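The values are calculated or read from the model by the stated rules, or taken from the named source; none is laboratory data. Predicted, not measured: the structure shown is a model, and the values here were computed from it. Don't worry about glycine lacking a Cβ; one is built from the backbone with ideal geometry, like all the others, and counts go over all protein chains shown.
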Amino acid sequence: MTGFKFMKHIVDVAKAQTLQMLDAPMSDKQKCPLCGQPNRCAMAGRHPVGACWCVSIRLTADMLEAVPTEDRGVRCICATCARALASRVARNQAVQPTPKAIASRLAGRRNKSVDG
């Protein structure tokens, strides 16, 4: 099999798998608990965890708190919801200073009042 034929075969197999996945009814484990859309979880589709989109991003505890308690560890969120949650968490962190930053500011004010 030539290189071109081999690559065409790989693409054809991937297309067939995608079409099969789209035609198959979704189980609850394959639906995002936040929006109900396909979560594209590799493990829910019986693929190795390394094949999942989520291994390439960082999910924080703040993000996972948005998932209903009964779905935690059972159903995965989708990439779209993960990006939205990451954006919201980043905005909240930018607006809300950390305890260390607050302590540093207070220490700076104390030093100014003592010096001034």
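Among the residues of segment 81-96, are any outside any helix (DSSP H, G or I) and modelled with pLDDT under 85? Yes, that holds for at least one residue.
Residue count for segment 59-78, restricted to those that are in a loop (DSSP other than H, G, I, E, B) and free of Cβ contacts under 8 Å to residues at least 12 places away in the same chain: 3. In this entry, Pro33 is excluded by the filter for residues that are at pLDDT below 70 and outside any helix (DSSP H, G or I).
So which residues in segment 54-91 are over 20 Å from Pro38 (Cβ atoms), charged (D, E, K, R) and either more than 9 Å from the chain's Cα centre (by Cα) or surrounded by 15 or more Cβ atoms within 10 Å (Cβ to Cβ) (or both), if there are any at all? Explain how you work it out, then say what you get.
Narrowing segment 54-91 to residues over 20 Å from Pro38 (Cβ atoms): 58, 60-62, 65, 69, 87-91.
Subset that is charged (D, E, K, R): 58, 62, 65, 88, 91.
Residues satisfying the conditions are Asp62, Glu65, Arg88, Arg91.
Quick one: what pairs do we get from segment 27-42, first residue within 15 Å of Arg72 (Cα to Cα), second surrounded by fewer than 15 Cβ atoms within 10 Å (Cβ to Cβ), C-beta under 6 Å, 6+ apart or different chains? Short answer, once both residue conditions are applied: Pro33/Pro68. Would you be able to say whether some residue in segment 36-51 is assigned to a helix (DSSP H, G or I), at pLDDT below 85 and surrounded by 13 or more Cβ atoms within 10 Å (Cβ to Cβ)? Within segment 36-51, not a single residue is assigned to a helix (DSSP H, G or I), at pLDDT below 85 and surrounded by 13 or more Cβ atoms within 10 Å (Cβ to Cβ).
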